[in-house]
Structure formats: structure tokens, C-alpha cells
Amino acid sequence: MSDAAFRLSPHDIRSQQFGRAFRGLAPGEVDEFVRRVADELETALRDKVQMEERLRGAQEQLKVFRERERAMNEALVAAQQLREEARAAADHGRDAVLKDAQRDAERMIEEARRNEQGIRERIDTAERQFAGYIAALRALVARQLAEIDVLETQAKG
């Protein structure tokens, strides 16, 4: 059953009424179990909201890192263009200017590469954290589904 087809809130669980039957289940035990299930679902829903907030934060941070990476790539392209301009100037007899520009371009490229590496490492970290979050969320959902399966089996049996 998909999430869209089956939505159950803690309030739904707490307000669920069951018919009474001869030799049925003990009402007190059923009420206590329903309360516990509703509490657990409420906790899971709160956890889900927190995880979604953390995910949004990680996604925003990833967006910032990607924007920085793009800026670093643009800076690298700009530095390469500067280097080519400096070479053209050297062809016109400005050897001294060419040497200075080449040193500056190399310094800029090295700094851009260092910055790019740092950004890539942060992106990798964010992606690993995101993957860990997804795995934890999947495990939580799997446990909740297993509990629901048990409850359904118990209810039928």
C-alpha cells in the first residue's frame, strides 16, 4: 500500500473504535496498545519532520557548495584567459609584464584548485550525510512497516 493511499495519524489511531464481540480481546489491553502505537507514530512523525528539516538544510548547503564550485570554475576560466592575454602581451615585447601575469595566473589557479578541492570535499561530506540520512529513514520506515505487519497479523489471528 503506498503512502498516498494510506495515511494514518496518531489522532486516527487514538480515536479508532472497535466493536465488542463475545470472547473478544481485553478492552483495556487494546486501548493501552492503541495508545502506545499512537505515541510511537507521533514520535516517528516528529522524527520525520526533523529529518526533513535536516535534509532541507543539507540540500541548501549542497546548493551553496555547487554555486561556489561554479564560481571557482568561472574563476579558473578567467585565470586561464588572463594567462593567454599575458602571453599575447609577451609577443609584443612585454616580457616583464608576461612573467608577472603568469605568476599571478598560476597563483590564482592554484588557489582556485585548493578552494575547489575543499568545496568538493564538503560536497562529498554532504552527500554522504544525505545518503546516511536516507538509509536511516529507510530503516525507520521498514521498522514501522514491519510493526504494522505484525499488528495486522495479530489483528487477523
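FYI, it's all coordinate maths here, none of it is from the lab. Quick caveat, the model's predicted, so the values are computed rather than measured. Cβ placement follows ideal geometry from the backbone for every residue including glycine, while neighbour counts extend to all protein chains displayed.
Any chance you could run the full-extension gain for residue 128 through residue 102? It's 0.36 nm times the residue separation minus the Cα-Cα distance, nm to one decimal.
5.5 nm
For segment 49-128, build the convex hull from the C-alpha positions and give me its volume per residue in Å³.
Expressed per residue, the convex hull around the Cα atoms of segment 49-128 is 56 Å³.
Lysines near residue 63 by alpha-carbon distance under 25 Å, same-chain residues fewer than 8 away left out - which ones?
Counting by Cα, and skipping residues close in sequence, residue 63 has these lysines nearby: 48.
Between 48, 63, 99, which gets the highest mean-square fluctuation from a Gaussian network model of the chain, Cα cutoff 10 Å?
Among 48, 63, 99, the largest mean-square fluctuation in the Gaussian network model of the chain belongs to 99.
Magnitude of the Cβ-charge dipole of segment 77-157, K/R +1 and D/E -1, about the Cα centre, nearest 20 debye?
Numbers: 14 positive and 16 negative charges, 37 e Å.
The calculation lands at about 180 debye.
Starting with the fewest neighbours, write out 65, 18, 130 ranked by other beta-carbon atoms found within 10 Å of each beta-carbon. Walk me through the numbers before you get to the answer.
Details: 65 20, 18 12, 130 16.
Ordered from fewest to most neighbouring Cβ atoms within 10 Å, 65, 18, 130 come out as 18, 130, 65.
Can you compute the FRET efficiency between residue 140 and residue 25 using 1/(1 + (r/R0)^6), with r the Cβ-Cβ distance and R0 = 30 Å? Round to the nearest 0.05.
0.60
How far apart, in nanometres, would the label points at residue 121 and residue 14 be if each is projected 7 angstrom from Cα along the Cα-to-Cβ direction?
4.9 nm
Mind checking the angle between helix 27-91 and the chain's longest principal axis? C-alpha axes, 0 to 90 degrees, to the nearest 10.
With rounding to tens, the tilt is 10 degrees.
State the answer as a single residue: which of 64, 96, 75 lies farthest towards the positive end of the charge dipole of segment 52-97, with beta carbon charges of +1 for Lys and Arg and -1 for Asp and Glu, about the Cα centre.
64
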